[in-house]
Amino acid sequence: MSANAREDILAAAKLVAQAHGYAGLNFRDLAEQVGIKAASIYYYFPSKAELATALAKRYWEDDAAYLESLLQNSATPLDALRRYPETFRWALENDNRICLCSFMSAQFDDLPDVVKPEVQAFADVNVAWLRKTLVAAKVVSAKEAEKRARAIYSGIVGAQLMARSRADIALYDSVIDSYRAAGLLPR
């Protein structure tokens, strides 16, 4: 088994969960994709719930780091806001997948309790970043930022779901453009 087997398992599981959600995580199939025995996965993740927990936690942590990097590397907070929809577009570009935590959120009632807080953390991270960046960009007041941040986040997740259901990334782009025209997202 390679020294990076845990990372290989997480990478394969991420792609599966973005395409099939929590229900699609199957140790036998993951082991085959990674090139190890199914029993070896249990060494790293004793249960499907523990795998999903680690996967969702890694996903929101990576997202939080990326969003901070986006803000730091953009000329202005407004530029960072304009680029925010790209983060959800990438999954669609990758074989019509969607955000892992969005998919798991749709399966929330069927998730083990240990997974739920990690899935919720993804939305919390995104809303907090949007709230902070909307205020920094002077798009809305601090008082209005939470409502706008939630609207933007849920709107983008919804656009991603629509586009995936039609396997049409141009639909995603069109919906995002309509959000800009309507004033939900900055132009």
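Given the criterion in a loop (DSSP other than H, G, I, E, B) and touching a Lys or Arg at 6+ places or on another chain (Cβ under 6 Å), identify the matching residue among ARG187, ARG180, ARG97.
ARG187
With the condition kept exactly as written, say whether any residue in region 80-91 is aromatic (Phe, Trp, Tyr), surrounded by 14 or more Cβ atoms within 10 Å (Cβ to Cβ), in contact with a helix residue (DSSP H, G or I) (Cβ under 9 Å, 6 or more places away or on another chain) and in a helix (DSSP H, G or I). Can you show your working first?
Step one: filter region 80-91 for residues aromatic (Phe, Trp, Tyr), giving 84, 88, 90.
Right, trim to surrounded by 14 or more Cβ atoms within 10 Å (Cβ to Cβ) and you get 84, 88.
Of the ones still in play, those that are also in contact with a helix residue (DSSP H, G or I) (Cβ under 9 Å, 6 or more places away or on another chain) are 84, 88.
Right, trim to in a helix (DSSP H, G or I) and you get 88.
Scanning region 80-91, I find at least one residue that is aromatic (Phe, Trp, Tyr), surrounded by 14 or more Cβ atoms within 10 Å (Cβ to Cβ), in contact with a helix residue (DSSP H, G or I) (Cβ under 9 Å, 6 or more places away or on another chain) and in a helix (DSSP H, G or I), so the answer is yes.
Any residue in region 130-144 that is farther than 29 Å from GLY24 by Cβ and among the hydroxyl-bearing types (Ser, Thr, Tyr)?
yes
Can you pull out the residues in region 80-103 that are among the hydroxyl-bearing types (Ser, Thr, Tyr) and modelled with pLDDT under 95? Step through it out loud before you land on a result.
So the first thing to find is which residues in region 80-103 are among the hydroxyl-bearing types (Ser, Thr, Tyr), and the list is 84, 87, 102.
Across region 80-103, the qualifying residues are THR87, SER102.
With the requirement that a residue be open to solvent by 70 Å² or more (accessible area, probe 1.4 Å), part of a helix (DSSP H, G or I) and touching a residue at least 60 places away in the same chain (Cβ under 8 Å), what does region 138-169 give you?
Of everything in region 138-169, just one residue is open to solvent by 70 Å² or more (accessible area, probe 1.4 Å), part of a helix (DSSP H, G or I) and touching a residue at least 60 places away in the same chain (Cβ under 8 Å), namely LEU161.
Does VAL135 satisfy the condition of being under 15 Å from LEU184 (Cβ atoms) and either surrounded by 16 or more Cβ atoms within 10 Å (Cβ to Cβ) or out of contact with any Asp or Glu (no Cβ under 8 Å at 6 or more places or on another chain) (or both)?
Numbers: under 15 Å from LEU184 (Cβ atoms): no; either surrounded by 16 or more Cβ atoms within 10 Å (Cβ to Cβ) or out of contact with any Asp or Glu (no Cβ under 8 Å at 6 or more places or on another chain) (or both): yes.
Considered against the rule, which asks whether it is under 15 Å from LEU184 (Cβ atoms) and either surrounded by 16 or more Cβ atoms within 10 Å (Cβ to Cβ) or out of contact with any Asp or Glu (no Cβ under 8 Å at 6 or more places or on another chain) (or both), VAL135 comes out as no.
Within region 100-116, take every residue that is part of a helix (DSSP H, G or I) and over 15 Å from ASP63 (Cβ atoms) and give me the one that is least open to solvent (accessible area, probe 1.4 Å). Walk me through it before giving the result.
Filtering region 100-116 down to residues part of a helix (DSSP H, G or I) leaves 100-106, 108-110, 116.
Imposing the further condition that a residue be over 15 Å from ASP63 (Cβ atoms) reduces the set to 106, 108-110, 116.
Working: ALA106: 89, PHE108: 56, ASP109: 139, ASP110: 124, LYS116: 40 Å².
The extreme case among them is LYS116.
The values are calculated or read from the model by the stated rules, or taken from the named source; none is laboratory data. From a predicted model like this one, the values you see are computed outputs, not experimental measurements. Using ideal geometry, Cβ is built from the backbone for each residue, glycine included, and neighbour counts are taken over all protein chains shown. These area figures cover heavy atoms from the full protein model, side chains too; ligands, DNA and RNA do not enter into them. Shrake-Rupley method; radii C 1.70, N 1.55, O 1.52, S 1.80 Å.
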